[in-house]
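Below is one structure, written out as structure tokens; comments come after it.
The values are calculated or read from the model by the stated rules, or taken from the named source; none is laboratory data. Quantities reported herein were computed from a predicted structural model and do not represent experimental measurements. Cβ: placed from backbone, ideal geometry, glycine included. Neighbour counts: every protein chain shown. In case anyone asks, the SASA skips ligands and DNA or RNA and just uses the protein heavy atoms, side chains included. Shrake-Rupley method; radii C 1.70, N 1.55, O 1.52, S 1.80 Å.
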Amino acid sequence: MQIDEELTLKKLEVFLAFMRSGNLSKAAAELNTSNVSVHRAIHSLESALRCPLFKHEGRNLIPLESAFVLEEHAQKLVQDVLETVRQTRESAGFSAERFKLGALYSLTVKTVPQLIMGLKLRRSELNIDLILGSNVDLLYKLKNMELDAVLISLDDSLINIDCEQLLLFADDIFLAVPADSPFAEQAEVDLGDLRDATFITLTQGFATHRDSARVFDQAGFKPNVGMQVNDIFTLLSMVSSGVGYALLPGRVAAVYENRIRLIPLQSKYRLQQQIGIVFLKAKERDPNLLALVAECRMYRSRSSTEPGSSTDR
């Protein structure tokens, strides 16, 4: 037995609305349609099933036993279809109850908490998983659909045509020194003066590792790297303990603020990180993602009006 093409879920929804209300006008109001459309859908459903569902008593439609049998099974069928749609969309990351957000470690100082608070206000039912990592690692997970969106340093060499991005703010690179360093009170520093100093860096894949290498290239020397670490907070701890210097973005200024100083580099060494959100174009209509993008736009608007907005992150 083949299913008649006139037997549709929409007609079953109309039928169920009528069975709940027992009245054409009430069913039409519930579905925001006309009495004629409800009557036509029910008549078409009877034709598709090749059996009557109602008997006519004047202008009234009285359900037959067949209507009650169909009602029982149609309710389960519609619920099953809705659940199937929900699970299918969730498997693709669309409007799931759990949102997976990736971010750089350094963005947890200020940016990530503010965005998550705003997102929870917009979608209070949403559970958010925060995954921290390097630029390269987070983008890899995004492209493999392990993450819904990532907050990273934007780099055209890494981000491809399958991705959308939104700039949040620009962040200057500084020289990080212990509070008791001879450089701590300087208004700016010539990086060339630290040619023989010991530096601590992040491992490859992190945006700050990449940008530090670019600054050292501008300064014309290869740094003496005494240690490489896997997160920016360990790096800050090493700097504050006097293990070595580091090149770091201004957004980490609030961490160890009594134990380290961020000294501006001379203009010839100046470099900025462009921090933004990246997500797959295939998911751009997902309600959870749309809510995050809206919150990011508000964050960018607030940031642009703050004093020292290019570095106070």
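Quick notes
- Hey, SER21 in contact with an Asp or Glu (Cβ under 9 Å, 6 or more places away or on another chain), in contact (Cβ under 8 Å) with a residue 24 or more places away in the chain and polar (S, T, N, Q) or not: no
- Number of residues in region 239-272 that are more than 25 Å from the chain's Cα centre (by Cα), surrounded by fewer than 17 Cβ atoms within 10 Å (Cβ to Cβ) and outside any loop (DSSP other than H, G, I, E, B): the value is 2.
- Test: LEU154 is touching a Leu at 6+ places or on another chain (Cβ under 7 Å) and over 23 Å from VAL239 (Cβ atoms): yes
- Answer from LEU53, LEU49 - the residue that is open to solvent by less than 50 Å² (accessible area, probe 1.4 Å), of a type in the set (A, V, I, L, M, F, W, C), over 16 Å from the mean Cα position of the chain (by Cα) and more than 30 Å from ASP231 (Cβ to Cβ): LEU53
- Residue check for PRO249: in contact with a helix residue (DSSP H, G or I) (Cβ under 8 Å, 6 or more places away or on another chain), closer than 17 Å to THR111 by Cα and assigned by the TED database to the domain that holds LEU194: yes
- The requirement of being exposed (fewer than 14 other Cβ atoms within 10 Å of the Cβ), in contact with a strand residue (DSSP E or B) (Cβ under 8 Å, 6 or more places away or on another chain) and of a type outside the set (Phe, Trp, Tyr) is satisfied by ASN224.
- Of the strands (runs of 3 or more DSSP E) lying entirely inside region 38-131, those containing at least 1 residues that are assigned by the TED database to the domain that holds GLU13 and of a type in the set (Val, Ile, Thr) span 60-63.
- Residue that is farthest from the chain's Cα centre (by Cα), among those in region 147-156 that are assigned to a strand (DSSP E or B) and of a type in the set (A, V, I, L, M): ILE152
- Within region 227-238, being assigned to a helix (DSSP H, G or I), touching a helix residue (DSSP H, G or I) at 6+ places or on another chain (Cβ under 8 Å) and open to solvent by less than 60 Å² (accessible area, probe 1.4 Å) holds for ILE232, LEU236.
- Every test in (1) among the small types (Gly, Ala, Ser); (2) farther than 30 Å from TYR269 by Cβ; (3) in contact with an Asp or Glu (Cβ under 9 Å, 6 or more places away or on another chain) is passed by ALA149 save one, and that test is (3).
- Residue that is nearest to ASN224 (Cα to Cα), among those in region 157-213 that are open to solvent by less than 30 Å² (accessible area, probe 1.4 Å) and assigned to a helix (DSSP H, G or I): LEU194
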